[in-house]
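Beneath this line is the structure, given in structure tokens, with notes to follow.
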Amino acid sequence: MQQTLTNFLRALRAMEIPVSPLETIDAHRTVDAVGFADRSLLRDSLCVTLAKSEEEVEKFDECFDMFFTREEFRDRREADADTAPGKSETDPALIAESPLAQLLLEGSESDLAQALERAAAATGVANIRYATQRNLFNRRMLDQMGLRQMERMIAALNRSETAAGTAAAQRLEAARQYLFEQAQQYTARQFQLYARFAGEQLRAEFLVKTNLSAVELRDFQRMHRIVRRMARKLATRYNRRRKHTRRGVLDVRRTLRRNMAYDGIPFETVWKQTRIEKPKIVVICDVSQSVAAAARFLLLFLYSLNEVISSLRAFAFSGNLIEISDILEDKSVEAAIPEILEKIGFRPTDYGRALADFDEGYMDSVDRSTTVMILGDGRTNDTDPRIDLMRKLHDRAKSVIWLNPEPETFWGTGDSEMPRYRTFCHVATTCSTVQDLERIIDDVLKTYFRT
Amino acid sequence: MTSPIDTAAQKITSVDAIVEGLDGVGYIASHRIATSIFVAQNLTKPILVEGSAGVGKTELALSTANWLGLPLIRMQCYEGLDESKALYEWKYGKQLLYTQILKDKMGDVLTGASGLDEAMDKLHGFSDLFFSEQFLEPRPLLKALRQKHGAVLLIDEIDKSDEEFEAFLLEILSAYQVSIPEIGTITATVPPLVFLTSNNMREMGDALKRRCLHLFIPLPEEKLERRIVAARVPGIADRLTRQLVAFVHMLREQDLKKLPSISETIDWARVLVLMNAEALDTELVRNTLNVLLKHEQDFTAVDKSIPELTNKAKRY
């Protein structure tokens, strides 16, 4: 039974439910306490010990059902018993050589299931990683059970040309087919259990390093998950308490003042405190034609960031500039991004105009504690870049960070005004993959919490 | 065998016993909820309860304490909560007062001393007095550990506290002990049954999650919610219960900012009973809907479909 539980924990891990050694011990203790007899009790109690969030509870339930379906497997066999090979019609002497044939024709259903599981354990089917490995493992499992020997026997029986021999051969052939199906189902289930998410992980790793403009639309959901996970990670790391009470450091001045009423005897003590300000972040995002391919993902990132940082104001522009904080706040991600793009996106860029709009409407919100982040390629379509406004922004804000999806060698070519804008940025850097994004945001947040 | 904790261990014998027991104090627990308490008792582990506001997370702890007859010690978390408010504090005032009063006694103690060194030595003999348990002000966590017969400790809205505080809780949650530098380690005589509740304002740390059992309380199914309403609102007509629960369930399928949860259903049921209603009707629903919906936007969103929803609910 211990092996069963260990395998189950492995299946959970494969489904991206992290199970630590401590939780492994807990799981064993839980099973000791509740036993295997009552299935729903076992399921509930393992669930409370192992699944640690709402998402994981769902995954757990699915995994539990999939893992413990052996009974159903048996039921199905009994259901189509009439199509299954008939028993005790074949001369035992004919099949004496092959234990597998004996098992198939004479063994009970659970014997077969057990034999399958034994073979699976011996060939390590649980190590399956890719869908393409299913057939390989299938074959290995059947070989382990002695299929080759049985196949040789079928061939021999066919050659014998006796009535009894051919009949036996036919029956064996049917049994072989049946075994094949069962084995296939078995490996398919093992694949579902242990490896379904391995492919997902691989894809995610790949996406993180892919250029934003090259990410395809069909990966949008997956990308959303990745970006959200990243944003949450960053937020929990930095959304810490912003006010530290430094215990043990007495604020003498305030203590004396507070205790004047007590004749200077310090009844109430006041400790020194340091405050760390909440980050105020203003993001201006270019959604024009020139960055069309990346715009969706820049917005996606903005959306995820907005979910985790409370004091974020977001703006988008191509010709004009509008505030999109409310849209990001109220709508779901599937609705918000198309709405923004429809409202303002994919028109010719005009950085000068956008900066002017910003200056007019929102410059007041930028102060010494604000970080301004600009996502865009700095291609102005040969309009006035309004460098003066950029300077104003630079002077007012705590820092201005420009993230450009183009590589640095392209800056300044054609209508790119990036080198001029760059002068008024505290940081200007290429940001073309999710990995870049994560690194940069990490840096931004760090600067806040250092001061 | 008459002390409360013995009865607690006796009472938590099986999942069914828990369901029954909680039922007795008016808390209708699903199987999974009961199982979590069963496992918590057997493994001596705290339970982290998650779920949206008003599904009965806090209520679970209150009812459990009530059922087991154990004292409930509640600690409300908030930003800036630290160990001096959660665990213990030295009674500075009392310490100072005592030094003032004992000034003369100090003189007596020190009279024999010939030099400064000797005086210091003599003083050292008394120094520990001021950091003894007499001057210790126990806060909820320490109180819970020192209950002779065990207790139910409710750490409410842990997600509102700071991460540092979360880290600080780890010692208590895993070993049921606290370390006070001046005194030493205080270990619980009987480990309390600990509930932590979280609204998911922020993700809890992995370390904390690992040490806890995790219980997610979803919004209940209609059948369960009907039983909850019946248990919580005495004297409510069967038909009205069916209708109002059906109505709330339809509301939950709408795009609302804040979905009505169990506590709102119960409040609404109470209001309807107060108004002597026997069945839903459009006017009644419109007048009392503010009990269910807490946002102006939600109100306007639902307003139009009230007659339709009411009619549908009436079929129940």
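P(r) for region A:1-61, from all Cα pairs and a bin width of 5 Å, is 4, 19, 34, 29, 13, 2 %, short bins first. On a 0 to 90° scale, report how tilted helix B:238-252 is relative to the longest principal axis of chain B, with both axes built from alpha carbons and the result rounded to the nearest 10. Its long axis makes an angle of about 80 degrees.
Take region B:212-265, drop everything but the C-alpha atoms, weight them equally and run the Debye formula without solvent; then report log10 I(q)/I(0) at 0.15, 0.31 Å⁻¹ to two decimals. These q points yield log10 I(q)/I(0) values of -0.45, -1.32. Shown here: region B:12-88, whose C-alpha atoms stretch 40, 26, 20 Å along the first, second and third principal axes, sorted largest to smallest.
Counting, for every residue in B:96-105, the Cβ atoms of other protein chains within 10 Å of its Cβ and taking the mean gives 1.
Need one number: buried accessible surface between chains A and B, 1.4 Å probe, both sides summed, DNA, RNA and ligands left out, in Å² to 100.
Details: alone 23570 and 16470 Å², together 37030 Å².
Buried surface at the A/B interface: approximately 3000 Å².
Highest average first, the peptides B:14-22, B:112-120 ordered by how many other beta carbon atoms sit within 10 Å of their residues are B:14-22, B:112-120. A cut-off of 5 Å between modelled amide H atoms, ignoring neighbours fewer than 5 places along the same chain, links B:Asp162 with B:Gly80, B:Leu81.
Across all directions, the average projected area of the convex hull around the alpha carbons of region A:313-428 is 7.2 nm². At a threshold of 30 Å², the residues of region B:36-50 that become less accessible to a 1.4 Å probe in the full protein assembly than in their chain on its own are B:Phe38, B:Val39, B:Leu43, B:Lys45.
The Cα-based radius of gyration of region B:248-316, divided by its Kirkwood radius, gives an Rg/Rh of 0.92. Distance distribution P(r), the protein assembly as shown, all Cα-Cα pairs, bin width 10 angstrom from 0: 2, 10, 14, 16, 18, 17, 11, 6, 3, 1, 0, 0, 0 percent. Residues whose amide H falls under 5 Å from that of B:Met75, counting only those 5 or more places apart or on a different chain, are B:Leu154, B:Ile155, B:Asp156, with hydrogens built in the peptide plane. What's the angle, to the nearest 10 degrees (0 to 90), between helix B:163-175's Cα axis and the longest principal axis of chain B? Helix B:163-175 and the main axis of chain B meet at about 80 degrees.
Working note: Karplus 6.51/-1.76/1.60 with θ = phi - 60° gives region B:273-289 the couplings 5, 4, 7, 6, 6, 10, 8, 6, 9, 3, 5, 4, 4, 4, 6, 10, 5 Hz, where Gly and Pro are set to x.
To put it simply, the accessible area of the protein assembly as shown at a 1.4 Å probe is 50 percent carbon and sulfur. Scalar couplings 3J(HN,Hα) for region A:332-344, obtained by applying the Karplus form with A = 6.51, B = -1.76, C = 1.60 to θ = phi - 60°, are 6, 4, 5, 8, 5, 5, x, 4, 5, 4, 5, 5, 9 Hz; x denotes Gly and Pro.
Return one whole number: the accessible area per residue of the protein assembly as shown in Å², for a 1.4 Å probe. If you can, show how the numbers build up before the last one.
Details: 37030 Å² over 767 residues.
It amounts to 48 Å² per residue over the protein assembly as shown.
Taking amide H positions as modeled 1.01 Å from N, with prolines and chain starts lacking one, the residues under 5 Å from A:Trp402 and 5 or more places away or on another chain are A:Ile374, A:Val427, A:Ala428, A:Thr429. Per-residue ellipticity at 222 nm from helix content only, as computed over chain B with -39500 (n - 2.57) for each DSSP H run of at least four residues, stands at -15500 deg cm²/dmol.
Per-residue 3J(HN,Hα) values for region A:136-145, derived from phi via the Karplus relation 6.51 cos²θ - 1.76 cosθ + 1.60 with θ = phi - 60°, read 4, 5, 4, 4, 4, 5, 5, 4, 4, 7 Hz in sequence order (x marks Gly and Pro). When the listed pairs B:Lys91/B:Lys148; B:Lys257/B:Lys312; A:Lys280/B:Lys209 are checked against a 26 Å cut-off, the alpha-carbon distance exceeds it for A:Lys280/B:Lys209.
With only Cα atoms counted, region A:267-380 has Rg and Dmax values of 16.8, 68 Å.
About the Cα centre of the protein assembly as shown, what is the dipole size in debye to 20, counting +1 per Lys and Arg Cβ and -1 per Asp and Glu Cβ, all else neutral? Mind showing how you got there, number by number?
Details: 102 positive and 111 negative charges, 247 e Å.
The dipole of the protein assembly as shown has a size of about 1180 debye.
Choose one of B:His124, A:His394, A:Ile128: the residue whose Cα lies farthest towards the positive end of the charge dipole of the protein assembly as shown (beta-carbon charges +1 Lys, Arg; -1 Asp, Glu; about the Cα centre). Value computed over the given set: B:His124.
Within region B:198-221, the residues that become at least 20 Å² less accessible when every protein chain is included than when their own chain is isolated (1.4 Å probe; DNA, RNA and ligands ignored) are B:Glu203, B:Lys209, B:Arg210, B:Leu213, B:His214, B:Phe216. Look at the dipole of the protein assembly as shown built from charges on Cβ: of A:Met363, B:Ser114, B:Ala188, the Cα furthest out on the positive end belongs to B:Ser114. Magnitude of the charge dipole for region B:260-316, about its Cα centre and with charges confined to Cβ atoms of Lys, Arg (+1) and Asp, Glu (-1), is about 160 debye.
Given 37 °C and 0.692 mPa s, how large is the Stokes-Einstein diffusion coefficient of region B:134-195 in µm²/s, with Rh as the Kirkwood radius over Cα pairs? Spell out each step's value before the answer.
Working: Rh = 12.3 Å.
D, rounded to a whole number, is 267 µm²/s.
Shown here is the pair-distance distribution of region B:180-316: with all Cα-Cα distances grouped in 10 Å bins from zero up to the longest one, the shares run 10, 34, 24, 14, 10, 5, 2 percent. When the alpha carbon gyration tensor of chain B is reduced to an equivalent ellipsoid, its three semi-axes come out at 52, 22, 17 angstrom, largest first. About its Cα centre, the dipole of region B:206-316 is roughly 460 debye, where the only charges are +1 on Lys and Arg Cβ and -1 on Asp and Glu Cβ. Shielding value for A:38-50 is 6, the average number of Cβ atoms from other chains within 10 Å of each residue's Cβ.
The values are calculated or read from the model by the stated rules, or taken from the named source; none is laboratory data. Fair warning: this is a prediction, and the values are worked out from it, not measured in the lab. Positions of Cβ are generated from backbone atoms using ideal geometry, with glycine treated the same way; all protein chains shown enter the neighbour counts. These accessible areas exclude ligands, DNA and RNA; they are computed on the full protein's heavy atoms, side chains included. Shrake-Rupley method; radii C 1.70, N 1.55, O 1.52, S 1.80 Å.
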